[in-house]
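Report on the following structure.
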Amino acid sequence: MNEETAPFKCGYVALIGRPNAGKSTLLNAVLGSKLAITSAKPQTTRNRIAGIHTDERMQVILVDTPGIHDAFTELNKAMVDAAMSALDEVDVVLWVEDMTLLARRVEQGKDVLDPAAAHIAEQLAGRKVVFVANKMDVVPKPLVLPVIAAISEAVDLLAAIPISALTGDGVDVVLDEIASRLPEHPPMFPEDEWAQVSERFLVAEVIREKLFHLTEQEIPYASFVEIEQFDESARETENLTKIYAKIFVERPSQKGIVIGKKGEMLRRIGTMARKELQELLGCRVYLELFVKVEKDWSRTKKGLRRVGFDAG
Ligand SMILES: Nc1nc2c(ncn2[C@@H]2O[C@H](COP(=O)(O)OP(=O)(O)OP(=O)(O)O)[C@@H](O)[C@H]2O)c(=O)[nH]1
Ligand SMILES: [Mg+2]
C-alpha cells in the first residue's frame with residue numbers, strides 16, 4: 001500500500017516511567033516545543049499533560065504522566081494514581097527508562113531490573129508496551145542489548161528503541177513505531193492544536209519549573225503556583241500581558257527561603273520565569289509574584305484539589 005492510500009491513524013499514547021527518566025523531555029521533543037516542564041530533580045511533573053502531534057499519517061495524543069515511585073504522602077499517591085490511571089485510557093504505552101541507571105547495573109553485574117523497574121514491569125504486564133531506552137547520548141551502546149534482553153524477559157514488548165530525548169536521536173523511530181500501532185481513525189483534534197492545557201496552567205508550570213531549578217531540598221515539593229490574575233487588556237494595544245501569581249508553600253520557614261535575602265530569590269525566580277513567559281505568550285510580560293503559606297497543603301484534600309487532583 002502506498003503512502004497516499006494508507007489509512008489515517010489516531011489514538012492515545014502514555015509516557016510512563018520512573019521519575020527523572022525523561023518522559024517530559026520526550027514529549028517536548030515530539031512536539032517540537034516546550035509543553036511540559038522538566039528538571040534534573042525527580043517528581044517534576046505533577047499532573048497528566050496531553051500534547052498532540054499530527055503529521056500526514058497519524059494524530060497521536062501523547063499523555064505525559066508523573067513518575068511512578070513509592071508514594072507515601074497524599075500528594076505523591078495522587079501523582080502515581082494519575083500515572084496509573086492513564087494506562088487504561090491509551091492504545092500504546094511508552095515505557096521510558098533512564099538508561100544511565102540500568103546500564104550501570106549491567107556493568108556492576110547486578111540484576112538489570114532494579115526494584116523501580118521491576119515494579120513498573122509488573123504494572124505493565126498485558127499491555128501494549130514500547131520500551132524507550134532514553135539518555136543514550138551518555139550511555140555506551142554495547143550496554144543496550146543486555147538491558148533490552150532483561151526488560152523483554154519481564155514484559156512482552158512491541159518494540160525497544162534506544163533514543164536520546166535530549167538530542168532528539170531516535171525520536172523519529174518512536175513516532176514510526178507509534179504510527180504502526182495506532183488504530184485506524186480520523187483525527188480527533190484540529191491539525192494546529194498541539195496542547196490540551198490552558199494558557200494559565202502553562203504559565204503556572206513555568207513558574208513552578210523555576211522553583212525546581214533555583215531552590216533546593218524540600219522547597220520545590222512544598223510549592224504550588226496559582227495564577228491570581230491574567231490581565232490581557234493591554235495585549236492588543238501595548239503587546240503586554242500582566243500576570244499576578246502566588247507561590248504557595250507549606251510553612252513560614254519555606255516562605256522565607258523562597259523570598260530569599262532582601263527578596264533576592266524571588267527576584268531570580270521572577271526574572272527567569274518572565275523571560276520564558278514572554279516567549280511562550282509572544283508578548284511582553286509584567287510578572288508579579290507573591291509567596292503565601294497554605295499550611296501542609298500537600299496533606300489536605302483541599303490542597304490537593306488546588307493542584308488539580310480530584311481528592312474526593
Ligand atoms: N543526558 C540526557 N539527559 C536527559 C535526556 N532526557 C532527559 N534528560 C534529563 O533528565 C532530567 C529529567 O528529565 P524530565 O524530562 O524532567 O524527566 P521526567 O521523566 O519527566 O521526570 P518526572 O516529571 O520527575 O517524572 C532532566 O535534567 C533532563 O534534561 C537524554 O536523552 N539525555
Ligand atoms: Mg516529567
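The values are calculated or read from the model by the stated rules, or taken from the named source; none is laboratory data. Because the structure is predicted, anything quoted here is derived from the model rather than measured. Note that each Cβ is placed from the backbone with ideal geometry, even for glycine, and that neighbours are counted across all protein chains shown.
Tell me, yes or no, whether region 72-81 has at least one residue that is surrounded by fewer than 20 Cβ atoms within 10 Å (Cβ to Cβ), in contact with a Lys or Arg (Cβ under 7 Å, 6 or more places away or on another chain) and within 25 Å of Gln43 (Cβ to Cβ). The answer is yes, given that some residue of region 72-81 is surrounded by fewer than 20 Cβ atoms within 10 Å (Cβ to Cβ), in contact with a Lys or Arg (Cβ under 7 Å, 6 or more places away or on another chain) and within 25 Å of Gln43 (Cβ to Cβ). The helices (runs of 4 or more DSSP H) found wholly in region 240-312 and carrying at least 2 residues that are more than 13 Å from Ile219 (Cα to Cα) occupy 264-281, 301-306.
Results for (1) modelled with pLDDT of 95 or more; (2) within 14 Å of ligand 1 (Cβ to nearest atom); (3) under 21 Å from Asp111 (Cα atoms); (4) small (Gly, Ala, Ser), shown as yes or no for each residue.
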position: Phe131; (1), (2), (3), (4): yes, no, yes, no
position: Asn134; (1), (2), (3), (4): yes, yes, yes, no
position: Val147; (1), (2), (3), (4): yes, no, yes, no
position: Ser152; (1), (2), (3), (4): yes, no, yes, yes
position: Val155; (1), (2), (3), (4): yes, no, yes, no
position: Ile163; (1), (2), (3), (4): yes, yes, no, no
position: Thr167; (1), (2), (3), (4): yes, yes, no, no
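Within region 70-94, the set of residues being among the polar types (S, T, N, Q), within 17 Å of the chain's Cα centre (by Cα) and closer than 19 Å to Phe224 by Cα comprises Asn76 only.
Looking at region 210-225, is at least one residue part of a strand (DSSP E or B) and outside the structural domain of Lys110 (by TED's automatic domain parsing)? Checked region 210-225: at least one residue is part of a strand (DSSP E or B) and outside the structural domain of Lys110 (by TED's automatic domain parsing). Any residue at all in region 164-173 that is exposed (fewer than 14 other Cβ atoms within 10 Å of the Cβ) and either in contact with a helix residue (DSSP H, G or I) (Cβ under 9 Å, 6 or more places away or on another chain) or in the same structural domain as Ile247 (by TED's automatic domain parsing) (or both)? Scanning region 164-173, I find at least one residue that is exposed (fewer than 14 other Cβ atoms within 10 Å of the Cβ) and either in contact with a helix residue (DSSP H, G or I) (Cβ under 9 Å, 6 or more places away or on another chain) or in the same structural domain as Ile247 (by TED's automatic domain parsing) (or both), so the answer is yes.
Report yes if Val90 is within 16 Å of ligand 1 (Cβ to nearest atom) and either in the same structural domain as Gln43 (by TED's automatic domain parsing) or in contact with a His (Cβ under 8 Å, 6 or more places away or on another chain) (or both), otherwise no. No: the conditions fail for Val90.
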